[in-house]
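Report on one structure; see the data block that follows.
The values are calculated or read from the model by the stated rules, or taken from the named source; none is laboratory data. Note that the structure is a prediction, hence the values are computed from the model and not measured. Every residue, glycine as well, gets a Cβ built from its backbone with ideal geometry; the counts of neighbours run over all protein chains shown. In case anyone asks, the SASA skips ligands and DNA or RNA and just uses the protein heavy atoms, side chains included. Shrake-Rupley method; radii C 1.70, N 1.55, O 1.52, S 1.80 Å.
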Amino acid sequence: MKDWIDYIISYDESGSDARRELHAVMDKDPAVRATFAQWMSLRAGLDAHVRSTVSTRELLVAYVMEQDGFGDVLSPRERKQLDVVRPDIERALKSETLIRTIVQRIREDAAVFEDVWEETIERAEESAPVDRPRMGLLTAGHYRWIWRAAAVFILGAFLMMVFLLYQRDAHVETFMTDAGESAVIELADGSTVRLYENSSLSYQPADSPARFNRFARLEGRAFFDVVPGEVHFYVETETAVVTVLGTQFAVAAEEEETSVVLARGSVSLAHRTQPGVQVMLQPGQRSIVRGTHPPTAPENVELSEELLWTDLFVFRSEPLERIARRLSRHYDVVIEVPPQLAQERVTGTFEQNRAVEETLRTIAATLGATVRHDGARRYRFETRQ
Amino acid sequence: MAYKNEFDPEIVVRAQSGDERSRDMLLGRLQPLLRAYFIKRTGHRSEIDDLIQNTLLRVHNGLSEIQNPARFKAFALKAALFELQDLYRGRYSAKEYLYDPEDPPLVPGQRDGAAARIDLERALDALTPKARKILELKESGYRYEEIAEKLDTTEAAVKMQVKRAFEKLRDILTIIGGFALTQAVTLLAVGAT
């Protein structure tokens, strides 16, 4: 029998096949899944330990860059943040081996970058065309052949593009919902899409070529839960293209406007006709593509309010007292939160049609607390004794 | 292939002023360099495309911040180093629904940050210095192969140390009261799907 701990501790160095194998086992075996979560929790704990000294590791990078003569490329915001934490970093460098090790690694990373840069530039210069004495001007005949070759190339590229688009669209399946309907669709790669009323989703079925089965076209509204993969996942609407880097996000696409709200992971968003002009969203942000304009700058939003239409509660580091108020309104119950739990933060996604008690018990478990049912429509969080 | 004159300050200035062709040229020339760098640095093939994409996005989004166009290389270096730190923290590799590096649970089961750090610190103190060193090297971004080279041992021996340290930490943290959240994290993931 395989010892899955070996796979778990090597997870971040594994290839996609090994990870898929582990994911498949985790889906079936709660013990392996729990062990994986413990390992990730341990790594998270170590990361939190670092962040207790310096709020982000980027500031350690900024510190090293400043010390090693690259301070001029720091932005004003980075310099200001660095000024605040510099004494803490310098103190930690004297007393914390983990911080020293991270700084050492950053320096090694920087040294390798310099080497690769120089190697690439040198190789390019060596293969750069050498000046040769001109043998004479090209004749008109030469130019005719050059234009013909270029025309053949362009035509070939166009035909190839048409062929690939045909291949992509030839086996598309389309799922549509009417008023009052919603559906959950599982895509070939295991990603799921929750499609809401009056919407349609076109996607590649399981038997289409692998390079196309991470693509979907949306009209209307949907919530995507995308599994990480080797190939990016793309969602196209009438106005926008969302490039997904592995995550949960919501898209509301009307004729002239596409709005994207990110719950977890990261996505980049661009106008369909200007793919080079992109914005990248962080969790808890929204961007909108309207008409012919590029995406708006990402703005922070209240996730649970913004995503109410998804029939999901999406909480991202929200204090329990705020969550309790939201759940109270939705379920029409009273939920009491003692002061010592009020500011405890919860991250998670819950279906709105789950029973309130089930949702509350799950949240309580994450906080090491309990829930008491105090009568017909009354609940109370309590700390464990 | 990248040529020195394609990172020329003049091209950077044109890209900063909105010239798309110059911007595309800069990013297009940077891409193969980043690929070579990340492959050399991480050996991670499945994350390479994302590392490159995110670094290019950082460079693209931060172009206007470059004060001195002659320092494009250093600016690209900064972006690449930032992205590597995200990789080392596990942002790229963990399955999202089990682990959110943006808001990680502290030593699980503990609600108070300071108490959580103390518990983890106590747990780490129980490890041998070598085991602790290996975990710290891992957390800093070193691969097992690199750790083995640093410590003049084999990769198998390093992994065995990590496995034993993890099992010990699991036991200690369970006794202290940690990892209670782990079960709840599992419940959350199941409940949310």
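Near the amide H of A:ARG272, within less than 5 Å, lie the amide hydrogens of A:ALA240, A:VAL241, all on another chain or at least 5 residues away, with H placed in the peptide plane.
Give me the net charge for the shell around B:THR153: Cβ to Cβ below 15 angstrom, other residues only, Lys and Arg +1, Asp and Glu -1.
Values: positive: B:LYS130, B:LYS133, B:LYS138, B:ARG143, B:LYS150, B:LYS159, B:LYS163, B:ARG164; negative: B:GLU145, B:GLU146, B:GLU149, B:ASP152, B:GLU155.
So the surrounding residues net to +3.
Given axes a ≥ b ≥ c from the Cα gyration tensor, I'd like to know whether segment A:211-357 is rounded (a/c under 1.5), prolate (a/b larger than b/c) or oblate. Verdict is prolate for segment A:211-357. Among the GluC sites (Glu not before Pro) found in segment A:254-332, those both in a DSSP coil and sparsely packed, with 11 or fewer other Cβ atoms within 10 Å of their Cβ, are A:GLU255, A:GLU256.
Is there a quick way to get the dipole size of segment A:237-385? I mean about its Cα centre, with the Cβ of Lys and Arg at +1 and of Asp and Glu at -1; what is the value in debye to the nearest 20?
On the way: 17 positive and 20 negative charges, 114 e Å.
Approximately 540 debye in magnitude.
Would you tally the net charge around A:ILE335, using a Cβ to Cβ cut-off of less than 13 Å, leaving A:ILE335 out, and scoring K and R as +1, D and E as -1? Taking every other residue near A:ILE335 into account, the sum is +3.
Please give the total accessible area that chains A and B bury against each other, computed with a 1.4 Å probe and expressed in Å² to the nearest 100. By this definition, chains A and B bury close to 9300 Å².
Excluding A:ASP68 itself, calculate the net charge of residues whose Cβ lies under 13 Å from the Cβ of A:ASP68, where each Lys or Arg counts +1 and each Asp or Glu counts -1. Walk me through the numbers on the way to the answer.
Working: positive: A:ARG107, B:LYS78; negative: A:GLU66, A:ASP72, A:GLU108, A:ASP109, A:GLU114.
Around A:ASP68, the charge tally is -3.
3J(HN,Hα) along segment A:27-37, derived from phi through the Karplus expression 6.51 cos²θ - 1.76 cosθ + 1.60 where θ = phi - 60°, amounts to 5, 9, 10, x, 5, 5, 4, 5, 5, 4, 4 Hz, with x in place of Gly and Pro.
Coupling constants for segment A:176-193 follow from the phi torsions by the Karplus curve (6.51 cos²θ - 1.76 cosθ + 1.60, θ = phi - 60°), and in residue order they are 10, 10, 9, 4, x, 9, 9, 8, 10, 10, 9, 8, 4, 8, x, 5, 10, 10 Hz; glycine and proline get x.
Remark: segment A:1-64 carries a charge dipole of roughly 200 debye about the Cα centre, counting +1 on each Lys and Arg Cβ and -1 on each Asp and Glu Cβ.
Sorted largest first, the principal axis extents computed over the alpha-carbon atoms of segment A:281-385 equal 57, 24, 17 Å.
For A:SER317, the amide hydrogen comes within under 5 Å of the amide hydrogens of A:VAL346, A:THR347, A:GLY348, counting only partners 5 or more places away or on other chains and with H modelled in the peptide plane. Residues with amide H under 5 Å of A:SER199's amide H, sequence separation 5 or more or different chain, H placed in the peptide plane at 1.01 Å from N; which? Counting only residues 5 or more places away or on other chains, the set is A:THR177.
Given segment A:1-126, what whole percent of its Cα pairs are spread farther than 27 Å? Walk me through the numbers on the way to the answer.
Numbers: 3495 of 7875 pairs.
More than 27 Å apart: 44 percent of the Cα pairs in segment A:1-126.
Taking θ as phi - 60° and the Karplus parameters 6.51, -1.76 and 1.60, the scalar couplings of segment B:146-157 work out to 5, 5, 4, 5, 4, 9, 6, 9, 9, 5, 4, 5 Hz in sequence order, x denoting glycine and proline.
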